[in-house]
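Enquirer: Supplied in structure tokens, the structure appears directly below.
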Ligand code: ATP
Ligand code: MG
């Protein structure tokens, strides 16, 4: 016997007991996205490393130290996707889908980042990614944010707070970046090691530092919002007005910058009050420059990604996750001699009542053991297939969570008898 093989650190199994919560999250998400006209797209988990380097930026943490990159057998450098936007944009270009057209797309799947695993932070984690491609105006930004707010309402999640900011154009950001770098250099003795490293490559990221010792320095830094170009300021003011108009509450956080380089103008983040660390559940923004940077026709776009594990955890904590699915019926098989008939009867009932969840006792066992399994299954009703009843054309039926006794019904009336019994037990959704 070999040693058990260890799972990969930071990569989780989603066990059957948690699937109901995940599926509930997924179906609510699909429904809301459908209501806004978004279409699903599925892109590969692997892309050429170059794609992420060009899209996300060499100076970001993601590209600098978090990617799962390897050389495949053909000698190509490939990377497990750390996020979905780059792959979706690549797909739009590869499939000639741009050319002045608009697309509203979403994608669900696992992402991979080599981070320090902890609660709410994993090395494989799932995201729902939503992208609106082809519109420059703040109306699409506002609608995207309203979509996310509607999803929280439909899921029954409370206590999520929205922060927004504008990063301006790349030009205004460059001017601001120079001022910020001057300020930080003038206070270089107060920088921690991480910030010193970021000072040259990605100084805006320093504003995002969680280090308490850095907060005073950050609070005194010049504000990006004060350096916005006129167009970006107008875009941002319109976005704020549109959010007011549809009743989405927000606060402006002038220090909100995103970890990925490709954003311009609108950035936003939904934050939960339920956890102190790993409190961002959904982040996004506008990325008008990314598509040409990846070789596509210049096309404006805006999008966001939400962290499925973090949201499912909130759902479960709020008691809004549905109970695990239980069978309607458990079929007890009284003796090996009736195994074949039991299988036939169960298959036939599945033909006649496709919606019923029927668990047939497999692998034998005495009567007592089978009823123990039946109880454990959570089914409200047992069917009992036994030789003497079958000889009379009958089948036994017994409620499992009530004291009322066993009854029997003619085999050819089984579907209606089951319907009636389940209804009487309150176990059949009409
Ligand atoms: P964080 O600040 O928490 O590191 P981020 O800025 O890196 O998040 P994005 O890259 O914008 O996040 O991803 C969008 C969402 O995906 C986040 O808001 C979060 O909910 C989720 N997410 C990001 N990284 C992880 C991770 N390692 N494990 C679990 N969820 C994650
Ligand atoms: Mg991160």
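Enquirer: Condition first: in contact (Cβ under 8 Å) with a residue 60 or more places away in the chain and either farther than 30 Å from residue 319 by Cβ or away from ligand 1 (no atom under 16 Å from the Cβ) (or both). Can you find one or more residues in the stretch 147-154 that meet it?
Expert: Checked the stretch 147-154: at least one residue is in contact (Cβ under 8 Å) with a residue 60 or more places away in the chain and either farther than 30 Å from residue 319 by Cβ or away from ligand 1 (no atom under 16 Å from the Cβ) (or both).
Enquirer: May I ask you to say which residue of 326, 265, 310 is in contact (Cβ under 8 Å) with a residue 12 or more places away in the chain and assigned to a helix (DSSP H, G or I)?
Expert: One residue alone meets the criteria, 310.
Enquirer: Across the stretch 119-129, which residue is nearest to ligand 2 (Cβ to nearest atom) among those that are in a strand (DSSP E or B) and within 12 Å of residue 309 (Cα to Cα)?
Expert: Ranking the qualifying residues of the stretch 119-129, first place goes to 121.
Enquirer: Out of all the residues in the stretch 415-430, which are touching a helix residue (DSSP H, G or I) at 6+ places or on another chain (Cβ under 6 Å) and either at pLDDT 90 or above or at positive phi (or both)?
Expert: 415
Enquirer: Continuing with this model, one more query. Checking residue 144 against (1) within 19 Å of residue 40 (Cα to Cα); (2) part of a strand (DSSP E or B); (3) away from ligand 2 (no atom under 16 Å from the Cβ), which single condition isn't satisfied?
Expert: In the conditions (1) within 19 Å of residue 40 (Cα to Cα); (2) part of a strand (DSSP E or B); (3) away from ligand 2 (no atom under 16 Å from the Cβ), residue 144 misses (2) alone.
Enquirer: Continuing with the same structure: Go through the stretch 51-110 and count every residue that is part of a strand (DSSP E or B), within 16 Å of ligand 2 (Cβ to nearest atom) and touching a residue at least 60 places away in the same chain (Cβ under 8 Å).
Expert: 1
Enquirer: Every residue in the stretch 193-210 that is exposed (fewer than 14 other Cβ atoms within 10 Å of the Cβ) and assigned to a loop (DSSP other than H, G, I, E, B), please.
Expert: Across the stretch 193-210, the qualifying residue is only 210.
Enquirer: Within the stretch 150-165, work out how many residues are in contact with a helix residue (DSSP H, G or I) (Cβ under 6 Å, 6 or more places away or on another chain) and either at pLDDT below 95 or not in a helix (DSSP H, G or I) (or both).
Expert: Qualifying residue count for the region: 2.
Enquirer: Which is away from ligand 1 (no atom under 15 Å from the Cβ), outside any loop (DSSP other than H, G, I, E, B) and at pLDDT below 95, of 254, 292?
Expert: 292
Enquirer: Within the stretch 51-78, how many residues are within 15 Å of ligand 1 (Cβ to nearest atom) and touching a strand residue (DSSP E or B) at 6+ places or on another chain (Cβ under 7 Å)?
Expert: 3
Enquirer: Something else about it: What do you reckon, is residue 304 at pLDDT 95 or above and more than 25 Å from residue 117 (Cβ to Cβ)?
Expert: no
The values are calculated or read from the model by the stated rules, or taken from the named source; none is laboratory data. As the structure is a computational prediction, the values presented were derived from the model and not from experiment. All Cβ positions, glycine included, derive from the backbone under ideal geometry; neighbour counts span all protein chains shown.
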